[in-house]
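Visitor: Would you mind keeping the following structure in view while I ask a few things?
The values are calculated or read from the model by the stated rules, or taken from the named source; none is laboratory data. Bear in mind that the values here come from a model prediction, so they are computed numbers and not experimental data. Because the Cβ atoms are built from the backbone with ideal geometry, glycine has one as well, and the counts that use them run over all protein chains shown.
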Amino acid sequence: MMSDLSNLSVKPQTPCKITPPKTLFVSSYSILSLQPKVLRAPVLALSSSYSSSSSSSPISMTTKEAEELRPSGKKVYNVEFKTMGDCKLGISWYPDFEYDAQGGYGFGTGECDSNGQILVSFDIGKLYIPPLTSGTTKFLGLPLPPPFRIDIEPQVFQGTLNRESGKVELEFKAKFWFSASPIYKSPPLLVETVLTTEESEGQLRKGKGQRMDRDGKCKLVGVATVDPIDDAFMNTFLSLPTECLAILNATISLQ
């Protein structure tokens, strides 16, 4: 028994080591990084025509939208112009041509000014005045011979009208093309005048208009000086420079 005990050796036991918990150091940056993410709604950027960025796209507007942006008190109109029958055109010392301008038309816009007048401007691309032909024109009571023709090419048509007084004054500029196809065609005669419902008078020609009535009917007259052109025959035939007279019956409607 004692021998058995002597064989046993008692060794000191290694004491258990308890490791203290490590202190957790968290920086302010990591704390922020642990914050839950905040979802942000996308920002809608609005641009306008007043944007200082040169790369912004232009804003297109409809006519109605543009009218709504106009200063208050300025009404905008759609203007329609129609030529009627029983008109006259005269040049130099020749008798007047009897001219049926029925079927002519023009479309434009008008805007009231501070004086109550309406400033009107017609779209040249939508302005048509019938040519002088055998079907529309008589000279000395007879139809214009078929080879002869005068085409009218408007360049400017704008001015003022007053609905209360009926007074109308329209600046008119056009090219008149004389031809006797296929034999002859002259360079255009340039005509500049003011078509008015009042009186128009030159040295050779004069006319008196008639103010617009409640239905928009009026008589427009205008005297113009016609300068010589690069055509000796036409200069001699018409005694250029000279004057011409236009008398147009028309209707003007505003919407």
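Visitor: What about ILE183, is it over 20 Å from MET84 (Cβ atoms) and either at pLDDT below 95 or among the acidic types (Asp, Glu) (or both)?
Guide: Taking the combined requirement at face value, the residue satisfies it.
Visitor: While we're on this one: From GLY202, GLY159, GLY207, which residue is touching a strand residue (DSSP E or B) at 6+ places or on another chain (Cβ under 8 Å), surrounded by 14 or more Cβ atoms within 10 Å (Cβ to Cβ) and within 20 Å of ASP86 (Cβ to Cβ)?
Guide: Sole residue among the options that is touching a strand residue (DSSP E or B) at 6+ places or on another chain (Cβ under 8 Å), surrounded by 14 or more Cβ atoms within 10 Å (Cβ to Cβ) and within 20 Å of ASP86 (Cβ to Cβ): GLY207.
Visitor: Something else: Quick check: is even one residue across the stretch 133-151 over 21 Å from ASN115 (Cα atoms), of a type in the set (Asp, Glu) and assigned to a strand (DSSP E or B)?
Guide: Among the residues of the stretch 133-151, at least one is over 21 Å from ASN115 (Cα atoms), of a type in the set (Asp, Glu) and assigned to a strand (DSSP E or B), which makes the answer yes.
Visitor: Ok, one more. I'd like the residue in the stretch 168-184 that is under 18 Å from TYR128 (Cβ atoms) and of a type in the set (Phe, Trp, Tyr) and, out of all such residues, is farthest from the chain's Cα centre (by Cα).
Guide: TRP177
Visitor: Further question: Could you please let me know if PRO228 is without any contact (Cβ under 8 Å) to a residue 40 or more places away in the chain and in a loop (DSSP other than H, G, I, E, B)?
Guide: Yes; evaluated as a whole, the condition is true for this residue.
Visitor: For the stretch 114-127, which positions are loosely packed, with under 14 Cβ neighbours inside 10 Å and free of Cβ contacts under 8 Å to residues at least 40 places away in the same chain?
Guide: If the condition is that a residue be loosely packed, with under 14 Cβ neighbours inside 10 Å and free of Cβ contacts under 8 Å to residues at least 40 places away in the same chain, then SER114, ASN115, ASP123, GLY125, LYS126 are the ones that fit.
Visitor: Moving on to the next point. So, PHE107, is that one aromatic (Phe, Trp, Tyr) and crowded, with 16+ Cβ neighbours inside 10 Å or not?
Guide: The answer is no for PHE107.
Visitor: In the stretch 76-97, is there at least one residue being in contact with a Ser or Thr (Cβ under 9 Å, 6 or more places away or on another chain), buried (at least 18 other Cβ atoms within 10 Å of the Cβ), hydrophobic (A, V, I, L, M, F, W, C) and assigned to a loop (DSSP other than H, G, I, E, B)?
Guide: No, there is no match, as no residue in the stretch 76-97 is in contact with a Ser or Thr (Cβ under 9 Å, 6 or more places away or on another chain), buried (at least 18 other Cβ atoms within 10 Å of the Cβ), hydrophobic (A, V, I, L, M, F, W, C) and assigned to a loop (DSSP other than H, G, I, E, B).
Visitor: Looking at (1) free of Cβ contacts under 8 Å to residues at least 12 places away in the same chain; (2) buried (at least 19 other Cβ atoms within 10 Å of the Cβ), which is the one condition that is false for LEU142?
Guide: For LEU142, the failing item is (2).
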